[in-house]
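The next block holds one structure in the form of structure tokens; read it before the comments.
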Amino acid sequence: MDQSADRIEAVLKEERVFYPSEDFKRSALLAKPEEYQALYEESLRDPEGFWGRFAGEFHWFEPWKKVLEWNVPYAKWFVGGKTNLTYNALDRHLASRRNKAAIVFEGEPGDSRVLTYHDLHREVSKFANVLKGLGVNKGDRVTIYLPMIPEAAIAMLACARIGAIHSVVFGGFSASALAERINDAQSAVLVTADGGWRRGSVVPLKANADEALASTESVRHVVVVRRVGQEVPMLPGRDHWYHELMASASDRCEAEPLDSEHPLFILYTSGSTGKPKGVMHTTAGYMAYVALTARYVFDLKETDTYFCTADVGWVTGHSYVVYGLLLNGATTLMYEGAPNWPDEGRIWNIIDKYGVSILYTAPTAIRAFMKWGEQWPLKYRLSSLRLLGSVGEPINPEAWLWYYHVIGKGRCPIVDTWWQTETGGIMITTLPGVHPMKPGHAGKPFFGVEPDIVDTSGKTITGADEGGHLIIKRPWPSMLRTVWGDPERYERQYWSQYPGNYFTGDGARRDSDGYYLIMGRVDDVLNVSGHRLGTMEVESALVSHPAVAEAAVVGRPDPIKGEGIVAFVTLKAGYTPSDALSAELKAHVVKAIGAIARPDEIRFTEAMPKTRSGKIMRRLLRQIAAGESEIKGDTSTLEDRSVVERLKAAQ
Ligand code: 6R9
């Protein structure tokens, strides 16, 4: 197989199409385009019938009276119903899956635990009683600041069991970011750990928590999980060891019947302004949507072992490490640490060790794997894999093809899933047994999702392959309900630009087959001499050059062209920056896309400023590219500040 020819061709034309194998289709839950089409059409024609039918699979304490009530921009799903997400994710499975693995855990140091549905049900019930014992009531907020350990899922589920609202804060966030989120949610309880493992060192979670708590007032109790075994100060009366509280907690706690629209969680995400938004999701609609998407997008089978590398601190971890999988009675694998610890083969080692059948990861990770080299995955047995997924950012065809060939060995379909914290679940993707795949294209809308591409006046763009704003034209069950404590921001941010439609903030194009290609955040779309150009398209071109490991392209104000293109580039080992290489890369982009995409400047850098979830912070690069001396806006999600300092110093 000639991969490099694949790559170049895909970037130049993006016309290659890959089909799911007959083997995959034979056992797929959905394998016929007509089936998808019929279900999709039904979901738009009769959303109440469609969603009512699927939600009917769940246990309800009281049936709903109406499937959907839509008062723009406020939706209520399964109005009047009472249910409990954990009843459906745990209790419901005890009869048939009691001793099936619910969570398989691999710690960074190599320790391992398996929790069956029976175990998880018991632990969640106990921790729910612990929370009650600490005075947590229905509707109270609980902040969870934990490593990727089973207790994170247990704490989330325990909240959901009693109707407390969890706010998970990624363990990589700093004390001040944690404090800001605790204050915004006014959390009554904080669940944390003595620390977590990351590249062999301890992340001092309890120390960060203590620092955060110095500037918060709402937290009455702190529960501390012992993970790393380090001495940490415990404040009498406020701080409690998890294992001590659990030792005396009853393992019986009935799931609380909750209104369909009872808040389930708040999750903070960066917006265009400095202050993170508390995206709020509710119970029943979220439950129905994440369960159905997990089932069909990942083609879940009883025998699957599913591994998503996202942290529970992000929405992907909420919906597709924990909730969507457990609702389907599946086995979900949690890994605590870094993908390159103790070496660059760790992810492949885990897949081999547990016989993982579905892998869901992010393009940024895939590009890191590429950079580390094929020798790592080649060392392990990956034959258990049958399906691959990608999420979080546009995947460049080169990474897609590497994933497909080197990891999937050309056997495994790839689902490139577009969605957002705000959407709760996957919105645009191919279904693995149904749709041909086009590298770089996310694909088709999921059931119940009606996207459109519009120009800034809100008019539908009908031409194929013409860029515009991606909007969603009707409510779907797992859409955010509000921004916590700021309904005005909710209305302004998502519903004011195209009244009656949800504005995603992303740019996209639709091809003649109805496949969506996500171009990136609208603020990442360049307008060069009146031509619309996705930063990602230029980046794809750059990374298809053998010297380039990663590229981030931003616009820079230009008096003549409107915007000029600055490309930040990291090189693969063995290459050094030079004027000649810079010229070569520019020519390479021109060859891949056209002269309009020629970067005005290539800036070589050793590292990109990234969020802790691995997204390149282009907002910062734009400011650096524009030569601004002060970096403005929220930098609390930045993984390594020194990267920005070095980039500025290199001006
Ligand atoms: C799930 C998640 C949302 C933003 C979104 C878009 C980008 C996510 C993508 C993708 C292209 C995909 N994004 N998935 N872009 N293709 N498959 O990542 O949520 O952290 O809120 O980010 O990520 O720009 O608007 P979140």
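The values are calculated or read from the model by the stated rules, or taken from the named source; none is laboratory data. Owing to the predicted nature of the structure, the values given are computational and were not obtained by experimental measurement. Here Cβ is always computed from backbone atoms with ideal geometry, including for glycine, and neighbour counts include all displayed protein chains. Side chains are part of the model used for accessible areas, which takes the heavy atoms of the whole protein and leaves out ligands, DNA and RNA. Shrake-Rupley method; radii C 1.70, N 1.55, O 1.52, S 1.80 Å.
Numbers at a glance
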item	result
Counted residues, the stretch 158-201 - those being in a loop (DSSP other than H, G, I, E, B), over 23 Å from the mean Cα position of the chain (by Cα) and either farther than 19 Å from Thr482 by Cβ or not assigned by the TED database to the domain that holds Arg141 (or both)	4
Qualifying residue in the stretch 272-288 (condition: of a type in the set (Gly, Ala, Ser), in contact (Cβ under 8 Å) with a residue 12 or more places away in the chain and on the phi > 0 side of the Ramachandran plot)	no
Any chance Pro557 is in contact (Cβ under 8 Å) with a residue 60 or more places away in the chain, over 26 Å from the mean Cα position of the chain (by Cα), away from the ligand (no atom under 16 Å from the Cβ) and exposed (fewer than 15 other Cβ atoms within 10 Å of the Cβ)	yes
Filter result for Arg646 (more than 26 Å from Ala365 (Cα to Cα), touching an Asp or Glu at 6+ places or on another chain (Cβ under 9 Å) and more than 16 Å from the ligand (Cβ to nearest atom))	no
Condition met for Gly448 (within 25 Å of Pro73 (Cα to Cα), in a loop (DSSP other than H, G, I, E, B) and away from the ligand (no atom under 16 Å from the Cβ))	yes
Test: residue in the stretch 86-102 that is open to solvent by 70 Å² or more (accessible area, probe 1.4 Å), under 23 Å from Met148 (Cα atoms) and assigned to a strand (DSSP E or B)	no
Any chance Gly107 is over 16 Å from Met246 (Cβ atoms) and open to solvent by less than 10 Å² (accessible area, probe 1.4 Å)	yes
Helices (runs of 4 or more DSSP H) (entirely within the stretch 300-375) containing at least 1 residues that are more than 16 Å from the ligand (Cβ to nearest atom) and within 25 Å of Thr570 (Cβ to Cβ)	346-354, 363-372
Selection count, the stretch 612-637, where residues are at pLDDT 80 or above and under 16 Å from Val554 (Cβ atoms)	14
Tally of residues being open to solvent by 10 Å² or more (accessible area, probe 1.4 Å), more than 7 Å from the ligand (Cβ to nearest atom) and not small (Gly, Ala, Ser) across the stretch 407-424	2
Hits in the stretch 128-167 (condition: open to solvent by 10 Å² or more (accessible area, probe 1.4 Å) and within 19 Å of Glu336 (Cβ to Cβ))	Pro147, Glu151
Residue in the stretch 383-403 that is in contact with a Pro (Cβ under 8 Å, 6 or more places away or on another chain), open to solvent by 10 Å² or more (accessible area, probe 1.4 Å) and away from the ligand (no atom under 16 Å from the Cβ) present	no
Some residue of the stretch 44-56 being surrounded by fewer than 15 Cβ atoms within 10 Å (Cβ to Cβ) and not in a helix (DSSP H, G or I)	yes
Residue match in the stretch 255-274 (condition: surrounded by fewer than 16 Cβ atoms within 10 Å (Cβ to Cβ), closer than 29 Å to His118 by Cβ, more than 16 Å from the ligand (Cβ to nearest atom) and hydroxyl-bearing (Ser, Thr, Tyr))	no
Test: residue in the stretch 284-291 that is buried (at least 19 other Cβ atoms within 10 Å of the Cβ), closer than 21 Å to Pro432 by Cα and of a type in the set (Phe, Trp, Tyr)	yes
Positions within the stretch 110-127 being open to solvent by 30 Å² or more (accessible area, probe 1.4 Å), touching a helix residue (DSSP H, G or I) at 6+ places or on another chain (Cβ under 8 Å) and closer than 28 Å to Asp259 by Cα, in sequence order	His118, His121, Glu123, Lys126
The stretch 118-151, residues that are over 16 Å from Thr283 (Cβ atoms) and touching a strand residue (DSSP E or B) at 6+ places or on another chain (Cβ under 6 Å)	Leu120, Leu134, Val136, Thr143, Ile144, Tyr145, Leu146, Pro147, Met148, Pro150, Glu151
Pair list, Cβ < 6 Å and 6+ apart or interchain, from the stretch 119-140 residues that are over 11 Å from Ala160 (Cα atoms) to residues that are open to solvent by 30 Å² or more (accessible area, probe 1.4 Å) and among the polar types (S, T, N, Q)	Asn129/Ser250
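Matching residues to (1) over 22 Å from Ala294 (Cβ atoms); (2) within 21 Å of the chain's Cα centre (by Cα); (3) among the β-branched types (Val, Ile, Thr):
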position	(1), (2), (3)
Tyr380	yes, no, no
Pro397	yes, yes, no
Thr417	no, yes, yes
His435	no, no, no
